[in-house]
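Participant: Before I ask anything, let me first share the structure, which is written out below as structure tokens.
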């Protein structure tokens, strides 16, 4: 059974049609990317999933419960919103324990879990400080701890790496990947496309309130790959009819092949060159950044 099923939902906020037609599902034990430009309808979709807003059209189920019954599962959900909600005048430890108790965790158990997280996130020396005394990165780590401390089966996180340095970004990545290994479903909304490539199993891209791209990350990237290869080599590449170079960085060449030459055939042609030393050869699969720009831009052109 899917953790989340969203089926053709729509929502108007006043005179603004925030969500027009969005559909996707999130499976147990996966990290799912919820992507889109600013104002695309991501936050409104999340609020409908959490039963904060009711959809005008379409249906949503979470853990098999439909709208109106989802609140019964709220203690099984961890939510990290883009707008942070820590109590600035509370001490770090008190804040985390209070939020854990709101999710049904006994105080004694909450304290044990909190201390483990404080050690893991290097917050133990700061646990008696007020939230307002912590750096932005530290506050973000407290938010993440508060989202996970009640061991939710579903985690929805909006820009989880905001304010984190590379070391703490890697730490949060590892924590989320471990949660996935334990069977937790994670919905991650982020504008950092390289994080999507590294972490997400599947994704949906929303633009102007509609789902415009949906599927497994690797399949999506291959779907948008042109008939191109990337070659790193020492020496001069041969001139071959129909092969055009689209990019070069040092000894790395991106080449678009004509339809009559496969990537395997082209590799054999290069390998036959006596003065060419091939160091690497791969299909030139586009990044999620490239795909994001291409799909959102194309969708905007169609609408205009």
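We did not get these values from a lab; they are worked out from the coordinates using the rules stated. Values in this document were obtained by computation on a predicted structure and should not be read as measured data. So basically every Cβ, Gly included, is an ideal-geometry build from the backbone, and we count neighbours across all protein chains shown.
Participant: Report D for segment 4-221 in µm² per second (integer): Stokes-Einstein, Kirkwood Rh on Cα pairs, 20 °C, 1.002 mPa s.
Facilitator: Estimated diffusion coefficient is 120 µm²/s.
Participant: Also, quick follow-up: Can you give the FRET efficiency for residue 115 and residue 73, using 1/(1 + (r/R0)^6), R0 = 35 Å, r = Cβ-Cβ distance, to the nearest 0.05?
Facilitator: Working: r = 28 Å, r/R0 = 0.79.
The calculated FRET efficiency here is 0.80.
Participant: Also: May I ask for the equivalent-ellipsoid semi-axes of segment 67-182, computed as the square root of five times each C-alpha gyration tensor eigenvalue and listed largest first in whole Å? Write down the numbers at each step before the final one.
Facilitator: Numbers: eigenvalues 87, 58, 40 Å².
So the equivalent ellipsoid measures 21, 17, 14 Å along its semi-axes.
Participant: OK, next. Against the longest alpha carbon principal axis of the chain, how many degrees, from 0 to 90 and to the nearest 10, is the axis of helix 166-181 turned?
Facilitator: Approximately 80 degrees, to the nearest 10.
Participant: To continue, here is another question. Stokes-Einstein D for segment 1-99 at 20 °C, 1.002 mPa s, Kirkwood Rh over Cα pairs, in µm²/s? Before the final figure, lay out each step's value.
Facilitator: Details: Rh = 15.0 Å.
Stokes-Einstein gives a translational diffusion coefficient of 143 µm²/s.
Participant: Next question. Relative contact order for the chain: what is it in percent, counting Cα pairs under 8 Å that are at least 6 residues apart?
Facilitator: On the way: 538 pairs, mean separation 62.5, N = 304.
Averaging sequence separation for qualifying contacts and normalising by length gives 21 percent for the chain.
Participant: Sticking to Cα atoms, compute the Rg of segment 184-300 to one decimal and its Dmax as the biggest Cα-Cα distance, whole number, in Å.
Facilitator: Rg then Dmax for segment 184-300, in Å: 17.4, 55.
Participant: Still on this structure, I have one more. So if we plug the beta-carbon distance of residue 265 and residue 59 into 1/(1 + (r/R0)^6) with R0 = 45 Å, what FRET efficiency do we get, rounded to 0.05? Walk me through the numbers on the way to the answer.
Facilitator: Values: r = 49 Å, r/R0 = 1.10.
With a Förster radius of 45 Å, E is 0.35.
Participant: Compute the projected area of the convex hull of the Cα atoms of segment 226-283, averaged over all viewing directions, and report it in nm² to one decimal place.
Facilitator: Values: hull surface 14.3 nm².
With every direction weighted equally, the projected area is 3.6 nm².
Participant: Taking the Cα centre of each part, how many Å lie between segment 106-155 and segment 214-292?
Facilitator: 46
Participant: Could you work out how much longer the chain between residue 82 and residue 106 gets when fully extended? Use 0.36 nm per residue separation minus the Cα distance between them, nm to one decimal.
Facilitator: Working: separation 24, 0.36 × 24 = 8.64 nm, distance 2.73 nm.
Once the chain is fully extended between residue 82 and residue 106, it gains 5.9 nm.
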